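Here's the structure, in structure tokens; my notes come after.
The values are calculated or read from the model by the stated rules, or taken from the named source; none is laboratory data. Quick caveat: nothing in here was measured; it's all calculated off a predicted structure. Glycine gets a Cβ as well: all are built from the backbone with ideal geometry, and neighbour counts include every protein chain shown. For the accessible areas, the whole protein counts, side chains as well, though only heavy atoms, and no ligand, DNA or RNA atoms are used. Shrake-Rupley method; radii C 1.70, N 1.55, O 1.52, S 1.80 Å.
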Amino acid sequence: MEWVETTGKSVDDAKDAALDELGIAEDEAEFEIVEEAKQGLFGMLRREARVRARVRPTQPRPKVERRRTKKASGSKGGGSKGSETKSSKPSEKKPAKSAVAAGGASAGKGSGKGSTSKGRSKPAKGADTASANGDEPESTESPTGTDQGASSSPTATDGGGESHSAPGDASDGGDADRGPAGARAVDARRRSGRQRERSRSKASADTTSSSDTTQGATMSESTASLEEQAEITEEFLQGLLDAFGLDGEVSTVSVDDETSEVRIEGDELGLLIGQKGRTLQAVGDLSRTVLQRRLPGRHEGRLRVDVAGYRERRREALQRFAQDVAEQVRSSGTRRVLEPMNPADRKVVHDVLNEVDGVTTTSEGEEPRRRVVVLPDD
Amino acid sequence: MSDGDPNALAAPTAEAVLDYLVRSIVDDPDAVSVEVEDGRRTTLNVRVAPGDMGRVIGRSGRVASAIRVVTRAAAARDDVEVDIEFLD
């Protein structure tokens, strides 16, 4: 998994930037704080906060009760990131902070300026240390740790059940008194939705009961499978197509063991892709938000959204481009600095050119303007 | 505030998409309403339950900006440009 490193005025800003880079939701990410921001005089920033982040490996961590507790108590969605580094013990900031510092320090050492390859292998260790420091000592040292887990389960279950049932019921009830546009969307939904309706209620029944039984039991059981996630995402996207008044087929393809892709196929779907894939990106973000709402807790693997094969085309275009550049660099003997790219795109370029003789690649610059450099051998 | 005639919706697709997106995200979909306000630009005013405002905005406005991007794409089908305001 690729780590990205970002900076910001505060740790939160830097984390936001990292999530943007990775294009994932906050609870899919794993963070390390490399440097906290330093304030200078008069609130001027002396040093930006620096964090590293990556897509969290799929192995679950015992964070679910905390998040559910929060949700049940009605706090805003904003809190969940804090849980990554600080919330193991909200009442006491110090131990959490030192855990962060420990993780940050060990990672910081490994990742001295710009040496990506080194930085990449080391932080994994840093993360382990951080989580060990962050979770384990606290649960043993604080009696509230176990307490919290136990007491949260009844409320958490309620909260979960509610959020499953609410969207379904209410959208039907509320649609009635809306204008023609709303009615149209509903009709469309009904038209195409009978079968999905059934599978949705089944899905929510399943997840509700599973969260009933697994609260406080092993975490792996409360992790939503890729199939469950795909089902909800498909349904959301189908509804979106209907609201757009577009025709399209929604299906899910398994990419590898831990990745599935929900695809919308059809004509005239360019609207859902947008310039440079911006709309697609937004649709993906919203799918994740909906998923989080409907299936609180941990999610197994990764689920991507694609429209009309855009991602694959983008990758192919990038591959061709990289090969052209490699050819130029090899014949001219001069290095070439590419446009800034997001980490996923850079990885494609690195991977492709790794296979090409006569050139090597490296990256330079800071996110979000980090770019690939293609160098001739010798 | 609005003189929007329900029979002459300025941006029916954008409105339907916005309504759908917001309802998919909130805890209280019954409290969601979208109102079209015609001005120099068409404005879609979204109201949600106060407790749902945070969800709709998201951290650092992430969810809100994604909703805006997708709703504006929908507005292209209506041949209009829209602004989206979230009110509680």
For the pair B and A, how large is the buried accessible area, both sides, in square angstrom to the nearest 100, if the probe is 1.4 Å? 3000
Which residues, if any, in the range A:276-305 lose at least 50 square angstrom of accessible heavy-atom surface (probe 1.4 Å) when the other protein chains sit next to their chain rather than the chain being alone? A:Leu286, A:Arg293
Could you work out how far helix B:12-25 tilts from the main Cα principal axis of chain B, as a 0 to 90 degree angle to the nearest 10? 10
Skip the ligands, DNA and RNA, and give the accessible area per residue of the range B:12-87 with a 1.4 Å probe, whole Å². 36
Roughly what would the spin-label model give for B:Asp88 and A:Arg313, points 7 Å off Cα along C-beta, in nm? 4.0
With the solvent-accessible surface defined on protein heavy atoms using a 1.4 Å probe, which residues belonging to the range B:15-63 display a reduction of at least 50 Å² in accessible area in the multichain context relative to the isolated chain? B:Ala16, B:Tyr20, B:Arg23, B:Ser24, B:Ile25, B:Arg55, B:Arg59, B:Arg62
Between exposed trypsin sites (Lys or Arg not before Pro) in chain B, where DSSP calls loop and at most 12 other Cβ atoms lie within 10 Å, what's the longest gap? B:42-88
What's the carbon and sulfur percent of the range B:12-87's accessible surface, probe 1.4 angstrom, rounded to a whole number? 45
Go through the range A:229-332 and name the GluC sites (Glu not before Pro) that are in a DSSP coil and have 14 or fewer other Cβ atoms within 10 Å of their Cβ. A:Glu258, A:Glu268
Restricting to DSSP loop positions (anything but H, G, I, E, B) with no more than 12 other Cβ atoms inside 10 Å of their own Cβ, which GluC sites (Glu not before Pro) remain in the range A:330-378? A:Glu355
For A:241-249, mean number of other protein chain Cβ atoms within 10 Å: 4
Over the range B:12-87, consider all pairs of different Cα atoms and compute the Kirkwood hydrodynamic radius from their mean reciprocal separation; express it in Å, one decimal. 12.2
